[in-house]
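Colleague: Could you have a look at this structure, given as structure tokens, before my questions?
The values are calculated or read from the model by the stated rules, or taken from the named source; none is laboratory data. None of the values given here were measured: they were computed from a predicted structure. Note that we place each Cβ from the backbone using ideal geometry, even for glycine, and neighbour counts take in every protein chain shown. The accessibility values were calculated without ligands, DNA or RNA, using every heavy atom of the protein model including side chains. Shrake-Rupley method; radii C 1.70, N 1.55, O 1.52, S 1.80 Å.
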Amino acid sequence: MSATLSATYRTLLVGSSETTRGLLDRLLDASDIVIDDMVEPDQVIASVARRAPDLIVLDVEAEAATTLARVCGVLKANPTTLLVPLVGLAKSAKQRLLAFEAGVDDFLTHQVRREEFLMRVRSLLKVSATRRQLAAEQLAEEVKRRELIRAAFRRYISPKLADQILASPELLDSMFAGTHKRTQVAVMFADMRGFTALSERLNPEQVVELLNEFFKLLTDITFEYEGTVFSMAGDSLLVGFGVPVAQEDGAERSILAAKLMLGKFAELAHRWTDRYGVETGLGIGINVGEVIAGNVGSPSYMNYTIIGDTVNVASRLGQRARAGEMLFSDAVKNLLDERGVDVGAMPLPSLVLRGRSSPIGIFCVPTNTTDRVDFRPN
């Protein structure tokens, strides 16, 4: 119960001595502190589980040193009784050192005056109440902090991945400790076609409204396949599958997500045409390979992102894809083949990138065959 000065405080007496019980009855008579239970040392946990006490009195005289230490250790290790005051009570002061070594918060003898006993016990109860309140406030603050982190994560990571990261100190450290790691990732760029013309025809409020619809649609699908959103720049979205949590089927997830994005955006584009008379489309580029994942920026502003040649190639594929088209590299095609996945891909002329000595094989999934993807992510 919550300990306040106007409350009735429940006391658990640990021991079997009727003499100690009678003394405690007299000391507590007509006060706001009552004996709620009296148990043997091996019954303490069961008693606490039934109803948590506000005060625990230990009959030091009746218990051996090892038993007393064990009982105190158990009570201090139990979250329910961690902050509950422990008072040792003995016939003489000879047991004083033994009691404090065992872990009691205060020690009193049978010769204690009632007024002193109540004053010292109430002081302990007041301190305990303050500590409990502080602990409750700290717990509430920690819960709030974790919810804020979870909410922030869920702005660019699926809720499932956010919960995995928060439950793993290693993953959490890797994202915030400034470390960088090499990892295999399926990288997707989704670019809106015709955005410049759209921006010229509509007022800024309408453009913002359309962009919000566009990014909501794509991020919802990204989260459905447990991808991570790394960037929203203008009319382009950068997504990764397999980071920060590894996914063996990241390539498949990226293809499935792209397929659904193309279908859903086609429906959205038709609504935009009816609403504003504008024409637009979506082009998607996908590549798979090794990237560097980590925090990039300055001490005042950091961004968790992915960088590397794999990302650059995916960007070029996204730029080259026509409206309603999904392009992916031969690296993606090879990985899909290794996993026995058929998406009805068609080869296109190779892409020559500036600074590279060899061209990159390109494949696309024609619009009328995107329904041939015959798998689900693990």
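Colleague: Return the residues of segment 283-314 that are of a type outside the set (Val, Ile, Thr), more than 18 Å from Arg253 (Cα to Cα) and modelled with pLDDT of 90 or more; say none if nothing qualifies.
Modeller: Those that are of a type outside the set (Val, Ile, Thr), more than 18 Å from Arg253 (Cα to Cα) and modelled with pLDDT of 90 or more: Gly308, Asp309, Asn312.
Colleague: Next question, about the same structure. Which of the residues belonging to segment 49-74 are small (Gly, Ala, Ser) and either in contact (Cβ under 8 Å) with a residue 60 or more places away in the chain or in contact with a Leu (Cβ under 6 Å, 6 or more places away or on another chain) (or both)?
Modeller: Ala65
Colleague: Specify which of the listed residues (Ala77, Ala99, Ala46) is free of Cβ contacts under 8 Å to residues at least 24 places away in the same chain, within 28 Å of Gln133 (Cα to Cα) and open to solvent by less than 60 Å² (accessible area, probe 1.4 Å).
Modeller: Testing whether each residue is free of Cβ contacts under 8 Å to residues at least 24 places away in the same chain, within 28 Å of Gln133 (Cα to Cα) and open to solvent by less than 60 Å² (accessible area, probe 1.4 Å) leaves just Ala46.
Colleague: Can you go through Arg113, Arg120 and tell me which one is under 24 Å from Val34 (Cβ atoms), free of Cβ contacts under 8 Å to residues at least 12 places away in the same chain and open to solvent by 40 Å² or more (accessible area, probe 1.4 Å)?
Modeller: Answer to the selection: Arg113.
Colleague: Oh, and also: Could you tell me whether any residue of segment 196-204 is in contact with a Pro (Cβ under 6 Å, 6 or more places away or on another chain) and either surrounded by fewer than 19 Cβ atoms within 10 Å (Cβ to Cβ) or closer than 25 Å to Asn303 by Cβ (or both)?
Modeller: No, that holds for no residue.
Colleague: I need the full set of residues from segment 233-245 which are open to solvent by less than 20 Å² (accessible area, probe 1.4 Å) and on the phi > 0 side of the Ramachandran plot, in order please.
Modeller: Answer for segment 233-245, where residues must be open to solvent by less than 20 Å² (accessible area, probe 1.4 Å) and on the phi > 0 side of the Ramachandran plot: just Gly242.
Colleague: On to the next question. Considering each residue of segment 49-66, count those that are acidic (Asp, Glu) and either open to solvent by 60 Å² or more (accessible area, probe 1.4 Å) or under 41 Å from the mean Cα position of the chain (by Cα) (or both), and give that number.
Modeller: In the first step, residues of segment 49-66 are kept if they are acidic (Asp, Glu); the result is 54, 59, 61, 63.
Filter again for either open to solvent by 60 Å² or more (accessible area, probe 1.4 Å) or under 41 Å from the mean Cα position of the chain (by Cα) (or both), leaving 54, 61.
Matching residues across segment 49-66 total 2.
Colleague: Hey, which of the helices (runs of 4 or more DSSP H) in segment 1-117, taking only ones fully inside, have at least 2 residues that are in contact with a Pro (Cβ under 7 Å, 6 or more places away or on another chain)?
Modeller: 65-77
Colleague: Among (1) open to solvent by 40 Å² or more (accessible area, probe 1.4 Å); (2) assigned to a helix (DSSP H, G or I); (3) closer than 26 Å to Gly361 by Cα, which single condition is Glu248 missing?
Modeller: In the conditions (1) open to solvent by 40 Å² or more (accessible area, probe 1.4 Å); (2) assigned to a helix (DSSP H, G or I); (3) closer than 26 Å to Gly361 by Cα, Glu248 misses (2) alone.
Colleague: When the residues of segment 256-287 are narrowed to those that are within 16 Å of Val313 (Cα to Cα) and touching a Phe, Trp or Tyr at 6+ places or on another chain (Cβ under 8 Å), which ends up surrounded by the fewest Cβ atoms within 10 Å (Cβ to Cβ)? Explain how you work it out, then say what you get.
Modeller: Narrowing segment 256-287 to residues within 16 Å of Val313 (Cα to Cα): 283-287.
Now drop any that are not touching a Phe, Trp or Tyr at 6+ places or on another chain (Cβ under 8 Å), which leaves 284-287.
Numbers: Ile284: 30, Gly285: 26, Ile286: 28, Asn287: 29.
Step by step, filter segment 256-287, then rank; the result is Gly285.
Colleague: For segment 135-146, state whether one or more residues are over 23 Å from Tyr301 (Cβ atoms), modelled with pLDDT under 90, among the aliphatic types (A, V, I, L, M) and open to solvent by 80 Å² or more (accessible area, probe 1.4 Å).
Modeller: Checking segment 135-146: at least one residue is over 23 Å from Tyr301 (Cβ atoms), modelled with pLDDT under 90, among the aliphatic types (A, V, I, L, M) and open to solvent by 80 Å² or more (accessible area, probe 1.4 Å).
Colleague: Another question, then. Quick one: Val311 ticks every box in (1) in a strand (DSSP E or B); (2) within 31 Å of the chain's Cα centre (by Cα); (3) not polar (S, T, N, Q) except a single one, so which number is it?
Modeller: Condition not satisfied by Val311: (1).
Rundown of residues vs (1) touching a residue at least 12 places away in the same chain (Cβ under 8 Å); (2) more than 23 Å from Leu256 (Cα to Cα); (3) of a type in the set (Phe, Trp, Tyr); (4) surrounded by 13 or more Cβ atoms within 10 Å (Cβ to Cβ), yes/no style:
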| site | (1), (2), (3), (4) |
| --- | --- |
| Tyr301 | no, yes, yes, no |
| Arg316 | yes, no, no, yes |
| Lys333 | yes, no, no, yes |
| Leu336 | yes, no, no, yes |
| Val343 | yes, no, no, yes |
| Pro349 | yes, yes, no, no |
| Ser357 | no, yes, no, no |
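Colleague: Quick one: Asp374 ticks every box in (1) surrounded by 18 or more Cβ atoms within 10 Å (Cβ to Cβ); (2) assigned to a loop (DSSP other than H, G, I, E, B); (3) at pLDDT below 80 except a single one, so which number is it?
Modeller: Just one mismatch for Asp374, condition (1).
Colleague: Need the failing condition index for Leu327 against (1) touching a helix residue (DSSP H, G or I) at 6+ places or on another chain (Cβ under 7 Å); (2) open to solvent by 10 Å² or more (accessible area, probe 1.4 Å), just the number.
Modeller: Among (1) touching a helix residue (DSSP H, G or I) at 6+ places or on another chain (Cβ under 7 Å); (2) open to solvent by 10 Å² or more (accessible area, probe 1.4 Å), the lone unmet condition for Leu327 is (2).
Colleague: Just checking, how many residues over segment 290-299 are closer than 30 Å to Arg356 by Cα and open to solvent by 10 Å² or more (accessible area, probe 1.4 Å)?
Modeller: 5
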